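Novice: Sharing a structure below in structure tokens format, with a few things to ask.
Here, each number is a calculation from the coordinates, and none is a lab measurement. It should be emphasised that the depicted structure is a prediction, and the values quoted were computed from it without experimental measurement. Note: ideal-geometry Cβ built from the backbone for every residue, glycine included; neighbour counts use all protein chains shown.
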Amino acid sequence: MRPFLVILGLLLMTGCSRFEVNPELADSSIKAICEIVSHPNEFQGKEIRVRAVYCRTTETSAIGDQKCDWRTWVEFDSLARFNSKPNLVDQLLTMSDHGDQKVDVVFVGRFIGPRAPITQNGVVCKFGYGHLGGYEFEFIVSSVEKIGVPYSANR
């Protein structure tokens with residue numbers, strides 16, 4: 001019984017909440033997603049290189065990290081396929097078709113901060129990005145520079 005509990009414990013420790021960015025994708029000109037969402041005004045509207053974990057499901061296209069949550073919706077602009085190495089964008093967009101949902105990435109694109117809340121009849125309404133407006137920020141990818149091995153395949 002004890003070996004079963006040890007194995008179960010190890011499996012639970014590798015769950016979704018433990019996804020951290022692979023340090024091999026580090027570069028001094030690349031900003032970590034946690035740095036960007038911690039200082040959104042500093043990066044608002046700017047084209048930047050970002051290192052993050054990309055999550056793709058049927059209703060999700062987001063970047064985040066274990067340390068700063070999944071608050072940034074991802075869109076790919078119309079030139080992302082042409083600006084990236086062959087098949088990288090398609091590989092990311094079809095990840096959920098194969099059950100591979102999380103992968104380390106380096107994207108180049110434009111960061112967009114939170115939308116201003118609207119007050120109507122004394123009620124403050126916040127409008128976000130992405131699926132059901134559930135994301136505080138948006139990152140529009142113009143180029144995919146690097147992708148790692150999907151988490152479901154290597155972790």
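Novice: In nm, to one decimal, how far is the modelled label at T58 from the one at Q120, with both set 7 Å along Cα→Cβ?
Specialist: 3.0 nm
Novice: Sticking with this one: Would you mind estimating how fast the range 19-154 diffuses translationally, via Stokes-Einstein at 37 °C and 0.692 mPa s with the Kirkwood radius over Cα pairs, in µm²/s? Mind dumping the intermediate values first?
Specialist: Numbers: Rh = 15.2 Å.
D, rounded to a whole number, is 216 µm²/s.
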